[in-house]
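A short write-up of the structure that comes next.
The values are calculated or read from the model by the stated rules, or taken from the named source; none is laboratory data. Remember, it's a predicted structure, so these values are computed and weren't measured experimentally. Cβ sites come from the backbone with ideal geometry, for glycine too, and all protein chains shown count toward neighbours. Calculation scope for accessible area: heavy atoms of the full protein, side chains included, ligands and nucleic acids excluded. Shrake-Rupley method; radii C 1.70, N 1.55, O 1.52, S 1.80 Å.
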Amino acid sequence: QGTLGQVLQPLPVTNAQPDGVYSVGAWPQYTPELADGPGKELVQSYCQVCHSSTYITMQPPLPAATWDAEVQKMIKTFGAQIPDDAAQQITAYLQAHYTPETRKQ
Amino acid sequence: SQASEALPSFTGPQANPYWNGVNPFVVYPQKLPLLRLTDRGIQLETPRQYFRTAFTPNEAFFVRYHLDLIPNSIDLSSWRLNIEGNVEKPVSLSMQDLLERFKPVSIAAVNQCSGNSRSRFQPRVPGGQWGNGAMGNALWTGVRLMDLLSAAGVKSDTVQLQFQGLERGPGPEGKGSHAFMKSLDWNDPVLQESIVAYQMNGEPLPMLNGFPVRLIAPGKFSTYWMKHLTWIRALNKPDDNFWMATAYRIPDTPRGNTTPADIAAGKVKTIPIGKMPVRSFIVDPDGSSKLIAGLPVEIRGVAFSGYGRVTKVEVSLDGGKTWQIASLGAFYGPYSFRTWSFQWKPTQPGRYTLAVRATDEQGNVQPDEPVWNPGGYLWNRIERQDVVVGTAS
């Protein structure tokens, strides 16, 4: 996790060499917790291959059909490798926690 | 003043009522605390207060990546800008070549994400839930795109130019999750005005804004402003990669407007997104503190259009029923933010809804109707700000 809320002051580049390499620090991560419930581990293992699960928590509450379409889009359009059974459980998890009727956090 | 309790962690299913998205402040290299949309794919929104000036500070400039594999170190001894594809003579240019062999030019231009203000959409659509802060204005300095292309000699049957940077993802090759590429038509007039910029507000580009160089396509949405630009490819047939053929497309209708029903019926023809419609924003007052009856206040903000210079900004003190002319700040070029201000002395205590609308040189005026399309693009409805005026005694 990154240093949430702590302002990093500009650090003098005293250690840098006057060569052609231009570097900054590692990219920090700020990933919120997913809601607890069946299917959470599947989401963590299959949906974080390409991006963090922050892509899920960032969304507004989306209708159940939209979550189904999102999971299908990840598989068909973006090439996510997810077995049918796991995909169904992931969709059910998203629908159980991230629709207008179900979203709490 | 600030919220004393944390805002909710999300908004919806109604529209986001806040100026910015309701995301947490986070810290990234070379950046002040910004609002985090996503952290792997990095997407950061600029807080409202940084739009008081015509030029947005580099440290506060918004960040929008699509994919997760982006550089945090670049070695200019091996990095090259490659111009290839349908050209007479492919060229590979070092930063030193860009600095020494080509004349530098500067242009002030607004960089705005296609999905800026997406969180206003009703019904809400998936995607980055930006408030109004996925935009910024900078003075960009670099080399004319056309000067670079003449060094390579683009062949006459070229139909598009494709731009690719160092942004990559772990998805399979051939999919949009593997590489990010965008193309512009070879006959698009924007190419004449485009530059490959190595400077932003007089400094090297921050890594997260595209170090060492990015494309500047004045008037167009940021999707074309390729960061870490490394390949420019002349194409003799249209680009059919995901980011052109499927993503960043708008309905071919007035204002890019459509309905969920027409989309579901499959009736909507789409075209690639292009220029930014005219917009204006109220930066101050932000409604978080009361104003005092009898004490003058400056209502101020920024305006811009991708269709040419902003010629008029009007302010309303009654929620859009009547309008008065605001004064415009300095002119930095047709694609820059233009600051505006309006002196107001509220005499009566009460609740007021301020509103602002801009007009550009082509006569486009901001509408009061929302727009809807499934991508969440092209929002430019009139902005409002509620304020409370208290008594002075």
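Structure above, values below:
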| read-out | value |
| --- | --- |
| Qualifying helices (runs of 4 or more DSSP H) (wholly inside chain A; at least 1 residues being surrounded by 17 or more Cβ atoms within 10 Å (Cβ to Cβ), free of Cβ contacts under 8 Å to residues at least 24 places away in the same chain and touching a strand residue (DSSP E or B) at 6+ places or on another chain (Cβ under 7 Å)) | A:54-57 |
| Checking B:Glu100 against (1) over 18 Å from B:Glu203 (Cα atoms); (2) more than 13 Å from chain A (Cβ to nearest Cβ); (3) of a type in the set (D, E, K, R), the condition it does not meet | (1) |
| Of all residues making up segment B:61-80, the number that are of a type in the set (Gly, Ala, Ser) and under 14 Å from B:Gly210 (Cα atoms) | 1 |
| Lone unmet requirement of (1) part of a loop (DSSP other than H, G, I, E, B); (2) open to solvent by less than 10 Å² (accessible area, probe 1.4 Å) for B:Ala303 | (1) |
| Breaking point among (1) free of Cβ contacts under 8 Å to residues at least 24 places away in the same chain; (2) in contact with an Asp or Glu (Cβ under 8 Å, 6 or more places away or on another chain), for B:Ser327 | (2) |
| Inter-residue pairs, beta-carbon under 6 Å, first open to solvent by less than 30 Å² (accessible area, probe 1.4 Å) and in segment B:242-257, second assigned to a helix (DSSP H, G or I), 6+ apart | B:Tyr248/B:Thr223; B:Ile250/B:Gly256 |
| Any hit, segment B:120-142, residues being closer than 20 Å to B:Val63 by Cβ, basic (Lys, Arg) and surrounded by 19 or more Cβ atoms within 10 Å (Cβ to Cβ) | no |
| Among residues of segment B:37-79, those that are more than 21 Å from B:Asn23 (Cα to Cα), of a type outside the set (Phe, Trp, Tyr) and within 12 Å of chain A (Cβ to nearest Cβ), counted | 10 |
| Flag for B:Val154 being surrounded by fewer than 22 Cβ atoms within 10 Å (Cβ to Cβ), more than 14 Å from chain A (Cβ to nearest Cβ), under 17 Å from the mean Cα position of the chain (by Cα) and not basic (Lys, Arg) | no |
| Residue satisfying all of: in segment B:179-192; closer than 21 Å to B:Arg40 by Cα and either free of Cβ contacts under 8 Å to residues at least 40 places away in the same chain or among the aliphatic types (A, V, I, L, M) (or both); surrounded by the most Cβ atoms within 10 Å (Cβ to Cβ) among these | B:Ala179 |
| Residue tally, condition over 28 Å from B:Ala245 (Cβ atoms) and in contact with a Leu (Cβ under 8 Å, 6 or more places away or on another chain), over segment A:48-99 | 7 |
| All positions within segment B:286-298 that are in a loop (DSSP other than H, G, I, E, B) and either in contact (Cβ under 8 Å) with a residue 60 or more places away in the chain or within 21 Å of B:Gln362 (Cα to Cα) (or both) | B:Asp286, B:Gly287, B:Ser288, B:Ser289, B:Lys290, B:Ala293, B:Gly294, B:Leu295 |
| Set B:Gly306, B:Gly301: member being more than 30 Å from B:Thr246 (Cα to Cα), under 28 Å from the mean Cα position of the chain (by Cα) and touching a residue at least 40 places away in the same chain (Cβ under 8 Å) | B:Gly301 |
| Answer residue from segment B:80-97, given it is closer than 26 Å to B:Gly169 by Cβ and charged (D, E, K, R) and is nearest to the other protein chains (Cβ to nearest Cβ) among those | B:Arg80 |
| Residues that are surrounded by fewer than 22 Cβ atoms within 10 Å (Cβ to Cβ), among the polar types (S, T, N, Q), touching a residue at least 40 places away in the same chain (Cβ under 8 Å) and under 26 Å from B:Pro126 (Cβ atoms), drawn from segment B:1-50 | B:Thr11, B:Gln14, B:Asn20 |
| Strands (runs of 3 or more DSSP E) enclosed by segment B:100-179 - at least 2 residues per element that are within 30 Å of A:Ile82 (Cα to Cα) | B:160-168 |
